[in-house]
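Here is the structure we will look at.
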Amino acid sequence: MSHPTRPLREPSNLDRLLAEADRALRTVFAPAEAPDRASPGNVHPRIQLDDAQRRHVAGLMRINHAGEVCAQALYYGQAAVARDPDLRAHLAQAAREEGDHLAWCEARLHELGSHPSVLNPFWYAGAFSIGATAGLIGDRLSLGFVVETERQVESHLGEHLTRLPEGDERTRAVLQQMKSDEVEHGANAKARGAMDLPWPLPRLMQVAADALRAVAYRV
């Protein structure tokens, strides 16, 4: 005798809170999930770096890893409060795509015998709060944060590409693909109706990003 199927209940606010807490813990403490795309650096051989070069490249990749932690937090914070279900799905998909970058950076750090930033929990909490606050104000402002974030990330990735040791094509390929993806994410947000952020928000974001880079390069 078959039994009637119970309808699935809608997740409560507590369910969503616990899900976000679980996601945050896995992002900052657990190894990165296997990426959907293989690292672009895999097609290039590892080259011998001296100790100073290895520490320098590791510092750059630690910055980029911390930046990807922030990107995931920002997107998930925005998605958690987005009013439009289509936008919520778009933000969640963008966060998953940033997960590839997180895995690539983590793998390169391990190859270099280094580690992610010990302040990743702090970076995640701050970015999630910013994303959720922007999302609560409005979807167009939320998308504006995406555009400005991706613009600044694109800029610093371009700068990192000029600071790599000669011949380190393994790292270069990763940064180039990340840069290309960030341009696409920013363009997608712009096409969805992102508003230009009012002054002084872009400047404040730049100051926060500069602080992250200065600290994450070392720890």
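The values are calculated or read from the model by the stated rules, or taken from the named source; none is laboratory data. Every value quoted in this text rests on a predicted model; they were computed, and no experiment measured them. Here Cβ is always computed from backbone atoms with ideal geometry, including for glycine, and neighbour counts include all displayed protein chains.
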Item to complete: Check off (1) outside any loop (DSSP other than H, G, I, E, B); (2) modelled with pLDDT under 95 for HIS56 and give me the number that stays unchecked.
Response: (2)
Worksheet item: Would a scan of segment 124-143 turn up a residue that is touching a residue at least 40 places away in the same chain (Cβ under 8 Å), touching a His at 6+ places or on another chain (Cβ under 8 Å) and β-branched (Val, Ile, Thr)?
Response: no
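Results for (1) in contact with a helix residue (DSSP H, G or I) (Cβ under 7 Å, 6 or more places away or on another chain); (2) in a helix (DSSP H, G or I), shown as yes or no for each residue.
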site	(1), (2)
PRO116	yes, no
LEU136	yes, yes
ARG151	yes, yes
SER155	no, yes
GLU159	no, yes
ARG170	yes, yes
ASP181	yes, yes
GLU184	no, yes
Item to complete: Can you confirm whether segment 190-198 contains a residue that is in contact (Cβ under 8 Å) with a residue 40 or more places away in the chain and assigned to a helix (DSSP H, G or I)?
Response: yes
Item to complete: Give the residue that is nearest to the chain's Cα centre (by Cα), with candidates limited to residues of segment 50-102 that are surrounded by fewer than 23 Cβ atoms within 10 Å (Cβ to Cβ) and among the basic types (Lys, Arg).
Response: ARG96
Worksheet entry | Candidates ALA191, ALA209, filtered to the one that is of a type outside the set (S, T, N, Q) and buried (at least 18 other Cβ atoms within 10 Å of the Cβ) | ALA209
Practice prompt. Please state which one of GLU166, GLU182 is surrounded by fewer than 16 Cβ atoms within 10 Å (Cβ to Cβ) and either charged (D, E, K, R) or within 30 Å of GLN48 (Cα to Cα) (or both).
Written response: GLU166
Discussion item. For the condition free of Cβ contacts under 8 Å to residues at least 40 places away in the same chain and not small (Gly, Ala, Ser), what is the one hit in ASP100, ASP86?
Written reply: ASP86
